[in-house]
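Engineer: Pasting a structure here, questions to come.
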Amino acid sequence: MIIYSEKVMEHFTCPQNSYSMPDANAQGVYGDPACGDALIIFLKVQDNTIEEISYLVFGCCASIATSSMTSVLAKGKSLEDALSITEEDIVRALDGLPENKVHCSNLGVSALRNAINNYYESQKQA
Ligand code: FES
Ligand code: FES
(Lines give C-alpha, C1' and ligand atoms only; values in the text may rest on other atoms or scores of the structure.)
(Ligands and ions follow the chains in the order given, each with its own letter.)
Protein backbone atom coordinates (compact mmCIF):
# COMPACT_ATOMS: atom_id res chain seq x y z
CA MET A 1 0.00 0.00 0.00
CA ILE A 2 1.24 3.49 -0.83
CA ILE A 3 1.55 5.84 2.12
CA TYR A 4 0.93 9.48 1.30
CA SER A 5 1.74 12.47 3.49
CA GLU A 6 -1.10 14.35 5.16
CA LYS A 7 -0.47 17.27 2.81
CA VAL A 8 -0.93 15.04 -0.23
CA MET A 9 -4.18 13.66 1.18
CA GLU A 10 -5.37 17.20 1.91
CA HIS A 11 -4.81 18.28 -1.70
CA PHE A 12 -6.16 15.03 -3.11
CA THR A 13 -9.40 15.15 -1.16
CA CYS A 14 -9.79 18.92 -1.47
CA PRO A 15 -7.97 20.09 -4.61
CA GLN A 16 -7.42 23.85 -4.87
CA ASN A 17 -8.27 25.87 -8.01
CA SER A 18 -9.70 22.86 -9.84
CA TYR A 19 -12.06 24.21 -12.48
CA SER A 20 -12.23 24.97 -16.17
CA MET A 21 -11.58 28.61 -17.16
CA PRO A 22 -13.30 29.56 -20.43
CA ASP A 23 -11.88 33.10 -20.41
CA ALA A 24 -8.27 32.12 -19.71
CA ASN A 25 -5.67 34.00 -21.75
CA ALA A 26 -3.31 31.02 -21.88
CA GLN A 27 -3.54 27.25 -21.68
CA GLY A 28 -0.95 24.53 -21.38
CA VAL A 29 -1.33 20.80 -21.71
CA TYR A 30 0.93 17.96 -20.69
CA GLY A 31 0.36 14.24 -20.88
CA ASP A 32 2.62 11.58 -19.44
CA PRO A 33 3.03 8.94 -22.14
CA ALA A 34 4.09 6.31 -19.60
CA CYS A 35 0.99 6.33 -17.39
CA GLY A 36 -1.53 8.20 -19.55
CA ASP A 37 -2.24 10.92 -16.97
CA ALA A 38 -2.91 14.37 -18.41
CA LEU A 39 -3.24 17.90 -17.16
CA ILE A 40 -4.59 21.11 -18.70
CA ILE A 41 -3.62 24.36 -16.99
CA PHE A 42 -5.51 27.62 -17.52
CA LEU A 43 -3.99 31.01 -16.75
CA LYS A 44 -5.27 34.51 -16.46
CA VAL A 45 -2.20 36.69 -16.82
CA GLN A 46 -2.23 40.38 -16.10
CA ASP A 47 0.75 42.74 -15.87
CA ASN A 48 3.13 39.81 -16.13
CA THR A 49 1.52 38.17 -13.10
CA ILE A 50 -0.56 35.00 -12.79
CA GLU A 51 -3.76 36.51 -11.41
CA GLU A 52 -5.69 33.25 -11.70
CA ILE A 53 -4.74 29.67 -12.36
CA SER A 54 -6.91 26.61 -12.66
CA TYR A 55 -6.69 23.14 -14.20
CA LEU A 56 -8.39 19.94 -15.15
CA VAL A 57 -6.47 16.79 -14.34
CA PHE A 58 -7.07 13.22 -15.42
CA GLY A 59 -4.99 10.89 -13.34
CA CYS A 60 -3.90 9.29 -10.12
CA CYS A 61 -4.24 10.82 -6.67
CA ALA A 62 -0.63 12.02 -6.73
CA SER A 63 -1.23 13.83 -10.01
CA ILE A 64 -4.29 15.50 -8.50
CA ALA A 65 -2.33 16.60 -5.42
CA THR A 66 0.64 17.83 -7.47
CA SER A 67 -1.63 19.76 -9.85
CA SER A 68 -3.32 21.39 -6.89
CA MET A 69 0.01 22.31 -5.31
CA THR A 70 1.33 23.63 -8.63
CA SER A 71 -1.62 26.03 -8.78
CA VAL A 72 -1.12 27.13 -5.19
CA LEU A 73 2.60 27.81 -5.75
CA ALA A 74 2.09 29.63 -9.08
CA LYS A 75 -0.84 31.84 -8.12
CA GLY A 76 0.17 35.48 -7.73
CA LYS A 77 3.68 34.89 -9.04
CA SER A 78 5.34 36.73 -11.93
CA LEU A 79 5.73 34.65 -15.09
CA GLU A 80 9.48 34.43 -14.55
CA ASP A 81 9.10 33.17 -10.98
CA ALA A 82 6.42 30.69 -12.04
CA LEU A 83 8.69 29.36 -14.79
CA SER A 84 11.35 28.59 -12.23
CA ILE A 85 9.08 26.38 -10.06
CA THR A 86 10.63 22.92 -10.06
CA GLU A 87 9.38 19.40 -9.46
CA GLU A 88 11.40 19.43 -6.21
CA ASP A 89 9.52 22.55 -5.05
CA ILE A 90 6.21 20.77 -5.53
CA VAL A 91 7.32 17.55 -3.85
CA ARG A 92 8.75 19.55 -0.93
CA ALA A 93 5.57 21.59 -0.54
CA LEU A 94 3.61 18.33 -0.35
CA ASP A 95 5.93 16.99 2.38
CA GLY A 96 7.23 14.35 -0.01
CA LEU A 97 5.84 11.76 -2.40
CA PRO A 98 6.39 8.01 -2.48
CA GLU A 99 9.34 7.11 -4.70
CA ASN A 100 7.24 5.70 -7.55
CA LYS A 101 5.01 8.78 -7.53
CA VAL A 102 7.68 11.48 -7.72
CA HIS A 103 7.30 11.63 -11.51
CA CYS A 104 3.72 12.87 -11.07
CA SER A 105 5.14 16.28 -10.05
CA ASN A 106 6.45 16.61 -13.60
CA LEU A 107 2.87 16.91 -14.85
CA GLY A 108 2.27 20.22 -13.07
CA VAL A 109 5.64 21.74 -13.90
CA SER A 110 5.46 20.80 -17.59
CA ALA A 111 1.86 21.95 -18.12
CA LEU A 112 2.57 25.22 -16.29
CA ARG A 113 5.66 25.92 -18.41
CA ASN A 114 3.71 25.09 -21.58
CA ALA A 115 0.96 27.50 -20.54
CA ILE A 116 3.44 30.31 -19.84
CA ASN A 117 5.28 29.72 -23.12
CA ASN A 118 1.95 29.74 -24.97
CA TYR A 119 1.16 33.03 -23.31
CA TYR A 120 4.48 34.51 -24.48
CA GLU A 121 3.77 33.24 -28.01
CA SER A 122 0.33 34.84 -28.04
CA GLN A 123 1.83 38.17 -26.93
CA LYS A 124 4.35 38.07 -29.77
CA GLN A 125 1.54 37.65 -32.28
CA ALA A 126 -0.63 40.36 -30.75
FE1 FES B 1 -1.72 7.50 -13.23
FE2 FES B 1 -3.23 5.81 -11.94
S3 FES B 1 -3.82 7.37 -13.14
S4 FES B 1 -1.18 5.71 -12.29
FE1 FES C 1 1.66 9.33 -13.88
FE2 FES C 1 0.76 10.15 -11.64
S3 FES C 1 1.02 8.13 -12.23
S4 FES C 1 1.36 11.33 -13.29
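The values are calculated or read from the model by the stated rules, or taken from the named source; none is laboratory data. Given the structure is predicted, the values throughout are model-derived calculations rather than measurements. Neighbour counts run over all protein chains shown; Cβ positions are idealised from the backbone, glycine included.
Engineer: Residue check: is Gln123 more than 22 Å from Ile3 (Cβ to Cβ), surrounded by fewer than 19 Cβ atoms within 10 Å (Cβ to Cβ) and more than 13 Å from the chain's Cα centre (by Cα)? Walk me through how you get there before you give the answer.
Structural biologist: On the way: more than 22 Å from Ile3 (Cβ to Cβ): yes; surrounded by fewer than 19 Cβ atoms within 10 Å (Cβ to Cβ): yes; more than 13 Å from the chain's Cα centre (by Cα): yes.
For Gln123, the condition - more than 22 Å from Ile3 (Cβ to Cβ), surrounded by fewer than 19 Cβ atoms within 10 Å (Cβ to Cβ) and more than 13 Å from the chain's Cα centre (by Cα) - is met.
Engineer: So, Ala82, is that one in a helix (DSSP H, G or I), away from ligand 2 (no atom under 16 Å from the Cβ), buried (at least 21 other Cβ atoms within 10 Å of the Cβ) and in contact (Cβ under 8 Å) with a residue 12 or more places away in the chain or not? Step through it out loud before you land on a result.
Structural biologist: Details: in a helix (DSSP H, G or I): yes; away from ligand 2 (no atom under 16 Å from the Cβ): yes; buried (at least 21 other Cβ atoms within 10 Å of the Cβ): yes; in contact (Cβ under 8 Å) with a residue 12 or more places away in the chain: yes.
Against the criterion (in a helix (DSSP H, G or I), away from ligand 2 (no atom under 16 Å from the Cβ), buried (at least 21 other Cβ atoms within 10 Å of the Cβ) and in contact (Cβ under 8 Å) with a residue 12 or more places away in the chain), Ala82 qualifies.
Engineer: Could you list, in sequence order, the residues of segment 21-61 that are under 24 Å from Asp81 (Cβ atoms), in contact with a helix residue (DSSP H, G or I) (Cβ under 8 Å, 6 or more places away or on another chain) and of a type in the set (A, V, I, L, M, F, W, C)?
Structural biologist: Matches in segment 21-61: Ala26, Val29, Leu39, Ile40, Ile41, Phe42, Leu43, Val45, Ile50, Ile53, Val57.
Engineer: Only residues that are more than 12 Å from ligand 2 (Cβ to nearest atom) and either under 14 Å from Lys75 (Cα atoms) or modelled with pLDDT under 95 (or both): list them for segment 27-42, please.
Structural biologist: Taking segment 27-42 and keeping what is more than 12 Å from ligand 2 (Cβ to nearest atom), we get 27-29, 40-42.
Of everything in segment 27-42, those that are more than 12 Å from ligand 2 (Cβ to nearest atom) and either under 14 Å from Lys75 (Cα atoms) or modelled with pLDDT under 95 (or both) turn out to be Ile41, Phe42.
Engineer: Here's a follow-up. Among residues belonging to segment 43-77 that are over 25 Å from Ile3 (Cβ atoms) and buried (at least 23 other Cβ atoms within 10 Å of the Cβ), point out the one that is nearest to ligand 2 (Cβ to nearest atom). Spell out the reasoning first.
Structural biologist: Within segment 43-77, the first condition is being over 25 Å from Ile3 (Cβ atoms), and the residues that meet it are 43-56, 74-77.
Filter again for buried (at least 23 other Cβ atoms within 10 Å of the Cβ), leaving 43, 50, 53, 55, 74.
On the way: Leu43: 21, Ile50: 22, Ile53: 19, Tyr55: 13, Ala74: 18 Å.
If we take residues in segment 43-77 being over 25 Å from Ile3 (Cβ atoms) and buried (at least 23 other Cβ atoms within 10 Å of the Cβ), then Tyr55 is nearest to ligand 2 (Cβ to nearest atom).
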